[in-house]
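Undergrad: Encoded as structure tokens, here's the structure I'll be asking about.
Nothing in this text is a laboratory measurement; each read-out follows from the coordinates by a stated rule. Since the structure is predicted, the reported quantities are computational estimates derived from the model, not experimental observations. When we count neighbours, we look across all protein chains shown, and the Cβ atoms used for this are built from the backbone with ideal geometry, even at glycine.
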Amino acid sequence: MPVIEVSHLHKRYGETMAVQDVSFDVAAGEIFGILGPNGAGKTTTVECVAGLRVPDGGEVSILGLDPRRDATRLRHLVGVQLQESQLPDRLRVAEALDLYASFYRDPADPAALIEELGLGAKRNTPYDKLSGGQKQRLSIALALVGNPRIAILDELTTGLDPQARRDTWSLIERIRDRGVTIVLVTHFMEEAERLCDRLAVIDKGRVVALDSPAGLVSAVAPEQRIRFRPSTPLDDQLLNELPQVTSVTRSGAQVVVTGTGEVLHAVTSVLARNQIIAADLRLEQATLDDAFVELTGHRLTD
Ligand code: ADP
């Protein structure tokens, strides 16, 4: 059962067609990514889903409700963290959480949320004294304080250092493990690859692909390459016979096997049966980055 259904969404700003015929479904419990370069129409799409913008065409259903007609009910079911959320400089972390909690009938415990987001030591710190990562975590806490069933998070790791970004990723996974469906807007390939169960790749206002990260990669570049050093001489024929293998070549002491599908499993099984150990085994595969170039004709970030 999808919890979000978007069909044929259109939105223009004057002459700019920001979103052109975007359709996708989000299933309960998944981390669904919306990936694309700056200006692709990602924020406009999620703003329409969240009922913050009025589409020019198309349908959006979220938990079976209409984002505009049922805005009041949805406020209690959907948490939104939008780009560049700003709070008053003097507002302290705990005060911000208490204030936002007061907007909801059945809020989460602000103190527990502060701890869960690693802000315990900062509970009395004013907003303008927080680091970038702490501000991001606070804005995620504010999106979650209403105990939403769906959280929409827009570019939440932009501007964070690599460690803070990885911490935020673990946090998102913990939120999902609590049963919250997550829609994640991002222009970071690594973030999409690491976190998302499925992705809509958006370019110039259109969905150009919709699949799991691995599915997107294997659809555009199915070939994989395995390199290893066999512990004893190896008859290439053993590998060439495998239906998953397309070629076997040598590079010095290394055997280089290319193939598709479950080629790694097939090759390692044959080696094990013949009591050959594969030293320094590496698997090379196209990345989501390569898939994006293949799909759109350009790189995600230039
Ligand atoms: P993304 O989130 O992928 O960066 P946006 O949805 O913010 O993309 O923007 C899509 C397009 O719409 C861009 O060309 C952007 O300049 C334009 N746009 C976004 N918001 C507005 C607005 N309020 N008024 C006019 N144009 C806008």
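Undergrad: In what sequence do M189, M1, M17 fall when counting other Cβ within 10 Å, fewest first?
TA: If I rank by nearby Cβ atoms, fewest first, I get M1, M17, M189.
Undergrad: Here's something else I'd like to know. Once both axes come from the Cα atoms, what is the angle between helix 162-177 and the longest principal axis of the chain, in degrees from 0 to 90, rounded to 10?
TA: 80 degrees
Undergrad: Oh, and also: Just for the Cα atoms in region 1-78, what are the lengths along the principal axes, largest first, rounded to whole Å?
TA: If we take the Cα atoms of region 1-78, the spans are 34, 25, 18 Å.
Undergrad: Give the residue list of GluC sites (Glu not before Pro) in region 26-108 that are DSSP loop and have at most 13 other beta-carbon atoms within 10 angstrom.
TA: Loop-located and lightly packed - E84.
Undergrad: Using the C-alpha gyration tensor of the chain, what are the square roots of 5 times its eigenvalues, in whole angstrom, with the largest one first?
TA: One finds semi-axes of 43, 24, 17 Å for the chain.
Undergrad: Rounded, prolate or oblate: which one fits region 1-45, using the alpha carbon gyration tensor with axes a ≥ b ≥ c (rounded when a/c is under 1.5, else prolate when a/b beats b/c, else oblate)?
TA: Oblate shape, in that a/c is at least 1.5 and b/c is the bigger or equal ratio.
Undergrad: To the nearest Å, what is the center-to-center distance of region 215-235 and region 32-84, using C-alpha atoms only?
TA: Comparing the Cα centres of region 215-235 and region 32-84, I get a distance of 41 Å.
Undergrad: Based on the Cα atoms of region 206-284, what semi-axes does the equivalent ellipsoid have, where each is the square root of 5 times one gyration tensor eigenvalue, given in whole Å with the largest first?
TA: Sorted largest first and rounded, they come to 28, 12, 11 Å.
Undergrad: Could I ask something else about it? Taking every pair of distinct Cα atoms and averaging 1/r, then inverting, what Kirkwood hydrodynamic radius in Å comes out for region 168-250?
TA: Roughly 16.4 Å, rounded to one decimal.
Undergrad: Using DSSP, restrict attention to beta bridges with both residues in the chain and report what percent are antiparallel, rounded to the nearest 5.
TA: Counting only bridges with both partners in the chain, antiparallel ones make up about 70 percent.
Undergrad: Once each part is reduced to its C-alpha centroid, what is the distance from region 247-302 to region 98-142 in angstrom?
TA: So the two Cα centres are separated by 45 Å.
Undergrad: What order do you get for R174, R75, R105 when you list them from fewest to most C-beta neighbours inside 10 Å?
TA: The fewest-first ordering by Cβ neighbours comes to R105, R174, R75.
Undergrad: Further, regarding this structure: Do any GluC sites (Glu not before Pro) in region 183-287 lie in a loop, going by DSSP, with at most 12 other beta-carbon atoms within 10 Å of their beta carbon, and if so which?
TA: Filter output for region 183-287: E241.
Undergrad: Taking a cut-off of 22 Å, what percent of all Cα-Cα pairs in region 132-210 are separated by more than that?
TA: 23 percent
Undergrad: Ranking Y100, Y127 by Cβ neighbours within 10 Å, fewest first, what do you get?
TA: Y127, Y100
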